[in-house]
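Working notes, beginning with the structure itself.
The values are calculated or read from the model by the stated rules, or taken from the named source; none is laboratory data. These numbers come from a predicted model, not from an experiment. Ideal geometry is used to build each Cβ from the backbone, glycine not excepted, and the neighbour counts take in all protein chains shown. All accessible areas refer to the heavy atoms of the entire protein, side chains included, with ligands and DNA or RNA removed. Shrake-Rupley method; radii C 1.70, N 1.55, O 1.52, S 1.80 Å.
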Amino acid sequence: MENKRIIQVEEKVPFKMLVPLSIQHMFAMFGASVLVPFVFGINPAVVLFMNGIGTLLFILITKGRAPAYLGSSFAFLAPAGVVISKWGYEYALGGFVVVGFLGCILAVLIYKFGSDWIDVVLPPAAMGPVVALIGLELAGTAASNAGLTDEVIDVRNVIVFLVTLLVAVLGSVLFRGFLSVIPILIAIIAGYIAALACGIVDFSEVAAAPIFSIPNFSVPKFKWEAIVIIIPVLLVITSEHIGHQIVTSKIVGRDLLKDPGLHRSLFADNFSSMLSGLIGSVPTTTYGENIGVMAMTKVYSVYVIGGAAVLSIICSFIGKMTTLINTIPGPVIGGISFLLYGMIGTSGIRILVESQVDYNKSRNMAMTSVIFVVGLSGITVQFGSIQLSGMVLACVVGMLMGLMFYIFDRLNLTNDRDD
């Protein structure tokens, strides 16, 4: 295989390549995806099961034209936490179902009225920084996972982190042939070996875990007060979804908002979340970690993503396997995340460059500047139990600015409008 040859979305991959490439994607999402069920206090097995099912549904609904892995959504943590503390997890599930259903309705509306409005409310000068913020705002999470922000830094964590990051970086530059498309997997293995050598891997839970187990399915309960608390998250996940689809479009060289269409991908994303709530899992979302893997490896095949989904489903029924994967220490996940999140940030800058954004225009300079500062400043806007901050708040601000400038153009009030 030619070094760094692009494997396109619909391209099939030989089985001997498919397995390691799929394992690489599964490992990339695992650390973040199982964190959400841990916060909610539920067994991650049902989440791994639904991540796999949701991803396969996403591929089916988008006709295999949009490579994306669906993992656990962090957007629901705050409002769901409030609902769980007041009424219990079952009522949070009810909220997940309703938000997913409303997201499907929104997708139908987009199908009917189109998505051209995105170019109006999020022109390249706004979309570039919004996409960049998807990766940049996660930089602190990567450092925290690696143990680099602890009050007392453990030198063992630093060693494992550096080994993982260096293997990933050097592998992406130096590896040739098939190895050049699995640098993330090799880096995870190298980091895990380093963690074993440093003595920071605990196998006690693996020994106690059953060989086979059934995911802990449960059913939702519905309460109007709980639903109202969770519904505003729809704005967050819609903004996040659009951003992910745009950055993926840039990576694979296709406009996924047009083909298969935003309506299909948004419907698939929300349908998966609705189904998750119905069986006791957490809402799903397209995962930035896996977008980063595609950006690095140039492998965009939905067959690889589908393979990772199947592996996730299998793992959900193997107790020891799920627990073993969960022993991957934070510094390994942090080392990988450092590179993957940076790749997403770079993709946002790439939008600005490839769109040839003219910063001699005051509007472009103002939009990009304000969006970056809003996203990185730590500002939080509170609406009831919902907090808007980071990329989501920046996206909302960018959309408002884009709409404002559009209105000014229509009224012939701007001084930099193209004739």
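Is at least one residue of segment 121-142 in contact (Cβ under 8 Å) with a residue 24 or more places away in the chain, open to solvent by 50 Å² or more (accessible area, probe 1.4 Å) and more than 30 Å from D358 (Cβ to Cβ)? So far as segment 121-142 goes, yes, one or more of its residues are in contact (Cβ under 8 Å) with a residue 24 or more places away in the chain, open to solvent by 50 Å² or more (accessible area, probe 1.4 Å) and more than 30 Å from D358 (Cβ to Cβ).
Mind listing whichever residues of segment 171-217 are over 21 Å from T323 (Cα atoms) and of a type outside the set (A, V, I, L, M)? Step through it out loud before you land on a result.
The first filter runs over segment 171-217 and keeps only residues over 21 Å from T323 (Cα atoms), leaving 171-183.
Within segment 171-217, G171, S172, F175, R176, G177, F178, S180, P183 qualify.
Which count do you get for residues in segment 278-293 that are surrounded by fewer than 24 Cβ atoms within 10 Å (Cβ to Cβ) and part of a helix (DSSP H, G or I)? Number of matching residues: 2. From the list K112, K63, the lone residue that is on the phi < 0 side of the Ramachandran plot, over 16 Å from the mean Cα position of the chain (by Cα), among the charged types (D, E, K, R) and open to solvent by 50 Å² or more (accessible area, probe 1.4 Å) is K112. Selection of segment 321-337 for residues being assigned to a helix (DSSP H, G or I), surrounded by 23 or more Cβ atoms within 10 Å (Cβ to Cβ) and either of a type in the set (G, A, S) or at pLDDT 85 or above (or both) yields P331, V332, G334, G335, S337.
S239 - would you say it is modelled with pLDDT under 90, in contact with a helix residue (DSSP H, G or I) (Cβ under 9 Å, 6 or more places away or on another chain) and hydroxyl-bearing (S, T, Y)?
Numbers: modelled with pLDDT under 90: yes; in contact with a helix residue (DSSP H, G or I) (Cβ under 9 Å, 6 or more places away or on another chain): yes; hydroxyl-bearing (S, T, Y): yes.
Yes; evaluated as a whole, the condition is true for this residue.
Taking segment 354-402 only, how many residues are aliphatic (A, V, I, L, M), over 24 Å from L413 (Cα atoms), in a helix (DSSP H, G or I) and open to solvent by 50 Å² or more (accessible area, probe 1.4 Å)? Reasoning before the result, please.
Kept after step one, since they are aliphatic (A, V, I, L, M), are these residues of segment 354-402: 357, 365-367, 370-371, 373-374, 376, 379, 381, 386, 388, 391-394, 396-397, 399-401.
From what is left, the residues that are over 24 Å from L413 (Cα atoms) are 373-374, 376, 379, 381, 386, 388, 391-394.
When the remaining residues are screened for being in a helix (DSSP H, G or I), the result is 373-374, 376, 391-394.
Checking the rest, the ones that are also open to solvent by 50 Å² or more (accessible area, probe 1.4 Å) come to 373, 376.
Result for segment 354-402: 2.
Applying a threshold of 9 Å to beta carbon distances and a minimum spacing of six or more residues, or different chains, the list of pairs starting in segment 273-298 at a residue that is on the phi > 0 side of the Ramachandran plot and ending at one that is crowded, with 24+ Cβ neighbours inside 10 Å and part of a helix (DSSP H, G or I) reads G280/M50; G280/L93; K298/V181.
Take the residues in segment 37-59 that are of a type in the set (V, I, T) and at pLDDT 90 or above; name whichever of them is farthest from G81 (Cα to Cα). Within segment 37-59, the match that is farthest from G81 (Cα to Cα) is I59.
Open to solvent by 60 Å² or more (accessible area, probe 1.4 Å) and either within 25 Å of the chain's Cα centre (by Cα) or free of Cβ contacts under 8 Å to residues at least 12 places away in the same chain (or both): which single residue out of E151, E205 fits that description?
E151
Counting the residues of segment 183-197 that are open to solvent by less than 30 Å² (accessible area, probe 1.4 Å) and among the hydrophobic types (A, V, I, L, M, F, W, C) gives 7.
Just one of the listed residues (I23, I53) is within 27 Å of L311 (Cβ to Cβ), open to solvent by 30 Å² or more (accessible area, probe 1.4 Å) and in contact with a Gly (Cβ under 9 Å, 6 or more places away or on another chain), namely I23.
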